[in-house]
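The values are calculated or read from the model by the stated rules, or taken from the named source; none is laboratory data. Quick caveat, the model's predicted, so the values are computed rather than measured. Counting neighbours? That spans all protein chains shown, and the Cβs are built from the backbone with ideal geometry, glycine included. When the accessible area is computed, the model is the full protein with side chains, heavy atoms only, and any ligands, DNA or RNA have been set aside. Shrake-Rupley method; radii C 1.70, N 1.55, O 1.52, S 1.80 Å.
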Amino acid sequence: MKLRIVRPIELAELLSVSTVTLWRMEKRGQLPPRRQISSRIVGWLESELVEWLKTRPNADDNDRMEELEK
C-alpha cells in the first residue's frame, strides 16, 4: 500500500473550501488528525481522508448537516 500525504492547499481545493475554513474545521474536530511531516510541514494521510469522506453526510441529509455546523 502506497502512503500519500495530502498537503493543506490540496485538501482545501479537494473540499472546495479556503485554507482558513480548513483550519477552522480542524479546530472543531471535523477533520482527521493531521500529521507533522517536518517542523513547518503538515499533511493528512490520503487513506484517512478517504475513510473520513465516507462518513460525511449526503447533501440531502439536512439534520446531520445542522448538527455538524454547531
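Of all residues in segment 52-61, exactly one satisfies the criterion of being open to solvent by 60 Å² or more (accessible area, probe 1.4 Å) and under 16 Å from Ile5 (Cα atoms), namely Leu53.
Filter segment 6-27 down to residues that are at pLDDT 95 or above, closer than 19 Å to Glu51 by Cβ and open to solvent by 50 Å² or more (accessible area, probe 1.4 Å), then give me how many there are. The total comes to 2. Take the residues in segment 25-47 that are under 14 Å from Arg4 (Cβ atoms) and assigned to a helix (DSSP H, G or I); name whichever of them is farthest from the chain's Cα centre (by Cα). Among them, the one singled out is Ser47. Within segment 28-51, the set of residues being open to solvent by less than 60 Å² (accessible area, probe 1.4 Å) and touching a helix residue (DSSP H, G or I) at 6+ places or on another chain (Cβ under 9 Å) comprises Gln30, Leu31, Pro32, Val42, Gly43, Trp44, Leu49.
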